[in-house]
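Asker: The structure follows.
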Amino acid sequence: MRHQGLLLRVSVMIGLAAGLVLFSPPVIHAQDNNNNNGGGDGEISSNAAGVYIDAQGVFRTQVHPDPTGQLTRERMASARSALSNDVRAFSKLRKVSLNRLEAALMARQGALTEEMKYLAGLLRVKYVFYYPETKDIVIAGPAEGWYHAPSDRVLGLSTRRPVIQLQDAAAALRAFPPGGDPTPLVGCSIDPTAEGLAATQQLLASTAPNQYNPEPFIIALQNAMGLQTVRVDGVPPGTRMAQVMVEADYRMKLIGINLERPPVQFASFVDRARPGEISRNALIRWYFVPDYQCVRVSEDKLAMELVGDGVKLVGENELVSATGKRQVVGGASRASLAFTTAFTKKYPQLAERSAVYADLRNMIDLLVATAFIQQEDYYGQAGWSMPFLGNEKAYAVETYTVPKTVATTVNAIRKGRSLMTPIAGGIQIKALQALETDNLLQDKDGKVSQLHEKTKLPPAPDRWWWD
């Protein structure tokens with residue numbers, strides 16, 4: 001009998017705000033066949049990873065099989081024939097005027113074209129420009145044509161990276177709206193309940209696992225921990241932005257406890273953990289944060305560049321009392337620190353191979369870009385009140401099922417004496433922190449300013465994107 005990715009090797013672990021349990025030899029190996037697909041959800045031939053949320057709000061992983069890549073190839077061919085040559089071609093720097101786009105949307109009475117839904121294939125926001133003469137607020141970055149992958153993601157035809165969607169841009173703009181307060185924190189958290197932690201502590205104190213047959217103990221641990229709660233901060237939980245954040249957090253933890261194999265090689269937390277390193281009542285927290293030194297601004301404040309890969313994974317430890325109360329005790333353990341450092345270092349490669357991490361990076365880029373737009377009052381300078389994109393009744397983005405809970409997942413590995421460590425955390429994006437003076441990068445050689453000056457807007461006022 002296999003249970004939710006049971007993997008026995010050289011110790012035992014429970015994970016994903018579930019935990020980690022280590023047992024003593026002998027060595028037993030049971031291969032996990034549940035969703036261990038390497039996370040290569042942007043590849044042409046793969047079992048693409050994704051998620052779904054059931055009617056009760058329980059968030060789960062899902063695999064979209066396409067082992068030969070035939071379905072993907074068919075969808076790519078269909079997309080190539082449907083898209084015009086100009087939008088299909090790869091562009092190193094495609095520009096999108098946000099306020100021209102909204103004007104075009106309103107002229108169509110909200111009837112979106114494919115180009116509008118997917119921002120003309122924009123893959124990343126690398127620049128923000130403002131043009132006082134025409135009052136255009138422009139975002140720019142690499143772009144290409146797109147197709148709808150079997151995993152329901154919308155990916156670039158050649159890069160197979162997720163394109164930026166209008167609904168995500170709208171969610172970010174609403175977090176930093178014209179004439180409104182900035183959103184101090186956008187993020188999510190997946191955490192065990194106090195009741196679940198207390199029940200787990202009681203189980204560990206009263207029950208000795210059978211190292212030769214840990215299955216009953218693992219099931220008991222899952223039942224004791226129960227469902228874990230999902231919280232979304234700063235953006236409505238029914239948006240795609242919220243779903244991407246929760247998925248990235250969830251799947252990062254699965255990688256940490258060896259229940260999902262990453263598409264690039266590095267040692268997981270399970271691989272690094274040693275018996276005795278972490279106390280039995282410890283709770284480990286991992287969470288994504290932006291690399292806040294990611295913004296370069298021109299001297300005249302009319303142009304901004306987002307630099308680097310923008311995402312870090314950090315960690316800390318907490319202690320859990322017998323009643324389930326949590327208390328931060330300081331820095332991460334050696335194994336946790338090594339895992340988060342490796343994950344951060346490999347993030348660019350992960351984003352190239354696994355669309356969810358590229359998607360998360362895009363969300364962070366959008367939030368920093370819109371925070372900059374608000375801070376520099378491009379809205380006021382342009383006289384743009386965002387009546388369509390800023391209005392949920394006019395343009396609905398809260399169309400996804402709200403994630404409320406996540407099932408506890410368990411991994412088991414033999415490594416020495418028993419240890420149970422729940423793993424929690426989430427995502428914390430404080431976009432305004434990237435715009436603090438100490439974090440801003442200078443445009444010393446004037447390249448950002450020069451690019452702004454060289455970027456010519458199309459003369460036709462109804463043209464909202466161009467290369």
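Where a number appears in this text, it was derived from the coordinates with a stated rule and is not lab data. This is a predicted model, so every value here is computed, not measured. Please note: Cβ atoms are built from the backbone with ideal geometry, for glycine as well, and neighbour counts cover all protein chains shown.
Asker: Hey, what do the phi angles of region 80-93 turn into as Karplus ³J(HN,Hα) couplings, whole Hz, using 6.51/-1.76/1.60 and θ = phi - 60°, x for Gly and Pro?
Answerer: With coefficients 6.51, -1.76 and 1.60, one gets 4, 6, 8, 7, 6, 4, 5, 7, 6, 5, 5, 10, 5, 8 Hz.
Asker: Could you order the peptides 335-348, 57-70 from most to least packed, using the average number of other C-beta atoms within 10 Å per residue?
Answerer: Ranking the peptides 335-348, 57-70 by packing returns 335-348, 57-70.
Asker: With each pseudo-label sitting 7 Å past Cα toward Cβ, what's the Ser158-Lys301 distance in nm, one decimal?
Answerer: 3.8
Asker: What FRET efficiency would be calculated for the residue pair Ala194, Glu133, taking the C-beta separation as r and a Förster radius of 56 Å, to the nearest 0.05?
Answerer: FRET efficiency, Ala194 to Glu133: 0.45.
Asker: Next question, about the same structure. Could you order peptides 455-461, 258-264, 74-80 by the average number of other Cβ atoms within 10 Å of their residues, highest first?
Answerer: 258-264, 74-80, 455-461
Asker: Let me ask something additional. Between Asp467 and Thr437, what is the label-point separation in nm under the 7 Å Cα-to-beta-carbon projection?
Answerer: Once both label points are built, they end up 4.3 nm from each other.
Asker: Dipole of region 148-205, Cα-centred, from +1 at each Lys and Arg C-beta and -1 at each Asp and Glu C-beta, to the nearest 20 debye?
Answerer: The dipole magnitude comes to about 360 debye.
Asker: Under a point spin-label approximation (7 Å from Cα along Cα-to-Cβ), what is the Leu185-Ala396 distance to one decimal in nm?
Answerer: 3.1
Asker: Let's test the formula: R0 of 45 Å, r as the Cβ-Cβ distance of Gln265 and Ala111. What FRET efficiency results, to the nearest 0.05?
Answerer: Once rounded, the FRET efficiency stands at 0.45.
Asker: Using the structure shown, list the pairs from Lys301/Lys345; Lys126/Lys454; Lys253/Lys312; Lys430/Lys456 with a Cα-Cα distance above 26 Å, or answer none.
Answerer: Result: Lys301/Lys345; Lys430/Lys456 exceed 26 Å.
Asker: Would you please give the FRET efficiency between Thr455 and Arg334, computed as 1/(1 + (r/R0)^6) with r the Cβ-Cβ distance and R0 = 45 Å, to the nearest 0.05?
Answerer: 0.40
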